[in-house]
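The values are calculated or read from the model by the stated rules, or taken from the named source; none is laboratory data. This structure is a prediction, so every number in the text was calculated from the model and none was measured. Using ideal geometry, Cβ is built from the backbone for each residue, glycine included, and neighbour counts are taken over all protein chains shown. Surface accessibility is based on the protein's heavy atoms, side chains included, excluding ligands, DNA and RNA. Shrake-Rupley method; radii C 1.70, N 1.55, O 1.52, S 1.80 Å.
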Amino acid sequence: MTPIDLIVACALDAVLGDPRRLPHPVRLMGKIIGGFEARIRKMVRGPGAVRMAGIVLALGLPVMSYAAGAWMIELATRLHPQAGRWVGIWLAFTTLAARDLVDHARAVMRELETGSLVRARQAVSRIVGRDTDHLSEPEVVRATVETIAESTSDGVIAPLVY
């Protein structure tokens, strides 16, 4: 991937964000994790077996994701070099979450600015993994900032470095 390709992927993320109707590798990985966990919890007993299953998932999913992405790029490149390039750009674009993070933070901010703490709690509940029903306004702000900071590492910095 060239620097220009990376800039194009970032521009696509800035303009389109995460289109909900388009295929999205990160959402697919989430579904795989959910399905794997549901099956494993039924099959294995004991903390050691659960830990081993977690290790298999933690190692296997990134390897499979890399292999699938490389295979898609290779297959497209065989059809046409520019097709491979655009598949790579598309995959890079779909792993970036900067626009989505900004949109979620703005949604919380808008609700706080209108004075609707209840709706601000609902907005922040879409990006945090904790109960938001009883958060105060400062706690809603803190939860938003913490989540954006953490998710920037996972959804922006890590994909760009990779």
Counting only protein heavy atoms and leaving out ligands, DNA and RNA, the solvent-accessible surface of L22 at a 1.4 Å probe, in Å² to the nearest 10, equals 70
Per residue convex hull volume, Cα only, the chain, in Å³ is 148
Rounded to a whole %, the carbon-and-sulfur portion of the accessible area of segment 34-102 at a 1.4 Å probe is 72
Taking the chain and counting helices only, DSSP H stretches of n ≥ 4 at -39,500 (n - 2.57) each over all residues, the nearest-500 ellipticity at 222 nm comes to -25500 deg cm²/dmol
Rounded to whole Å², per residue accessible area for the chain with a 1.4 Å probe reads 67
Residue separation between L79 and V63 times 0.36 nm, minus their alpha-carbon distance, gives in nm 3.3 nm
Here the gain from full extension of H134 to A158, 0.36 nm per residue of separation minus their alpha-carbon distance, amounts to 5.4 nm
Karplus-derived 3J(HN,Hα) from phi for segment 73-82 (6.51 cos²θ - 1.76 cosθ + 1.60, θ = phi - 60°), whole Hz, x at Gly and Pro, runs 5, 4, 4, 5, 5, 5, 6, 6, x, 5
With all protein chains in place and a 1.4 Å probe, I33 shows an accessible area in Å² (nearest 10) of 70
When the charge dipole of the chain is computed with +1 on Lys and Arg Cβ and -1 on Asp and Glu Cβ about the Cα centre, the Cα farthest towards its positive end, among I7, I55, G155, belongs to I55
Quotient of Cα radius of gyration and Kirkwood radius for segment 1-78, i.e. Rg/Rh, equals 1.11
Between D18 and residues 5 or more places away or on another chain, the pairs with built amide H atoms under 5 Å apart involve D100
Counting only protein heavy atoms and leaving out ligands, DNA and RNA, the solvent-accessible surface of D154 at a 1.4 Å probe, in Å² to the nearest 10, equals 120
